[in-house]
Amino acid sequence: MTLFEKLRCLFTFGQGVALPLPEISENTTPAQLFEQWFADANKSGILLPEAMSVSSCSADGQPSSRMVLLKDYDDEGFVFYTNYASRKSNELVDNNKVALLFHWNVLQRQIRIEGTVEKISAQESADYFHSRDRGSQVGAWASKQSQKLKHDSELKDRMSHYQEKFAEGEVPHPDFWGGWRVKPHAIEFWQGRANRLHDRICFEKQDDNWQHHKLHP
């Protein structure tokens, strides 16, 4: 974060309490409101506003959460990328229910998303993979995400191996790496207010249509 961004972040801290809620009509979709709030987060100077918590659940009911980066979103859902052999991917294969959380403390805002996941197409994954820097592409091949290291230098050795293997030409897209799309059925927008009188607006999908209502804080 640059000095300017730090100063801007300090200047905007807590301003979310004073921000008015946008006008929400019956035709407003959660994607439209998310786009507005995400733009506000980008303008505020927050470091990595696209960072979100992804919560999955194992077959025996044990939840687990981790931070990942949102890479795309539209009316269909929210996309992030990972190794398909990772713990979260294995859990999402066994149980496709998932929850996301964005928390922007400077703006006193958070967005909770609940839904199901599906893999995006191999072509979409390949297109994004080749848009990454070369080091990240090679790193995807080197890392056996969530697997135990056999020895301390294993990851370094694997990185060197694939750097040499792919020294010339394009790094191929590995079929074990790609994107997940979270298809939401419930999205809650939370706006902090003084005296804990927070605004909570919940969108719920019913028969492919979004309906919204306010909740007590």
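The values are calculated or read from the model by the stated rules, or taken from the named source; none is laboratory data. Just so it is clear, the structure is predicted and the values come from calculations on it, not from any experiment. Reconstructed Cβ throughout: ideal geometry from the backbone, glycine too, with neighbour counts over all protein chains shown. Quick note on the areas: whole protein, heavy atoms, side chains included, nothing else; ligands and nucleic acids left out. Shrake-Rupley method; radii C 1.70, N 1.55, O 1.52, S 1.80 Å.
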Identify, please: which residue in region 103-136 is of a type in the set (Ser, Thr, Tyr) and over 24 Å from Lys205 (Cβ atoms) and is, among those, most open to solvent (accessible area, probe 1.4 Å)? Ser131
In region 104-121, how many residues are closer than 19 Å to Lys88 by Cβ and out of contact with any Pro (no Cβ under 7 Å at 6 or more places or on another chain)? 6
Scan region 184-200 and give yes if some residue there is under 18 Å from the mean Cα position of the chain (by Cα) and surrounded by fewer than 16 Cβ atoms within 10 Å (Cβ to Cβ), otherwise no. yes
Looking at region 85-203, what helices (runs of 4 or more DSSP H) fall wholly within it and have at least 2 residues that are out of contact with any Asp or Glu (no Cβ under 6 Å at 6 or more places or on another chain) and of a type in the set (Lys, Arg)? 87-94, 154-165
Residue under evaluation Ser143, criteria (1) touching a residue at least 60 places away in the same chain (Cβ under 8 Å); (2) closer than 18 Å to Lys183 by Cα, criterion not met: (2)
Every residue in region 79-104 that is touching a Lys or Arg at 6+ places or on another chain (Cβ under 7 Å) and among the basic types (Lys, Arg), please. Lys88
Go through (1) within 30 Å of Ala194 (Cβ to Cβ); (2) without any contact (Cβ under 8 Å) to a residue 40 or more places away in the chain and name the single condition Glu114 misses. (2)
Single match in Val106, Val93 (criterion: among the aliphatic types (A, V, I, L, M) and under 19 Å from Trp177 (Cβ atoms)): Val93
